[in-house]
């Protein structure tokens, strides 16, 4: 493989991803990335935690979304989540003070919800 092809999209710092907007396929704003979750044994980025709703951070709900469910739009510097807004309204979420355990059962259910292959398989 050509190394220039490998790095046609240079790696980025996590701090540059956090705060990036999330849009749907129609380029409508869904929220922004608040946190990144990494699998500690492999170092693999597995979830982006996205905030939807709320005003000035109040009433904001967080959603862990498998990172593989996003496509990156370079021109708009946005992550595209091709999930209908109606489905997002019913998505499993949490508030900043009560994060889920992120165990295998929770992770499997989350991947099924977003129709994304589990990262560990």
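The numbers here are math on the coordinates, done by the rules we state, and not lab data. Computed from a predicted model, the values in this text were never measured in an experiment. Virtual Cβ from ideal backbone geometry, glycine too; neighbours counted across all protein chains shown.
If the chain between residue 121 and residue 89 were fully stretched, how many nm would it gain, using 0.36 nm times the residue separation less the Cα-Cα distance?
8.7 nm
Each residue of the chain gets 137 Å³ once the volume of the Cα convex hull is shared out per residue.
Between the alpha-carbon centres of region 93-108 and region 59-81 there is a gap of 18 Å.
Cβ crowding within 10 Å ranks 22, 74, 83 as 74, 83, 22, fewest other Cβ atoms first. Helical runs (DSSP H, four residues minimum) scored at -39500 (n - 2.57) apiece and divided by the length of the chain put the mean residue ellipticity at 222 nm at -4000 deg cm²/dmol.
For the chain, relative contact order (Cα pairs under 8 Å, six or more residues apart, normalised by length) works out to 19 percent.
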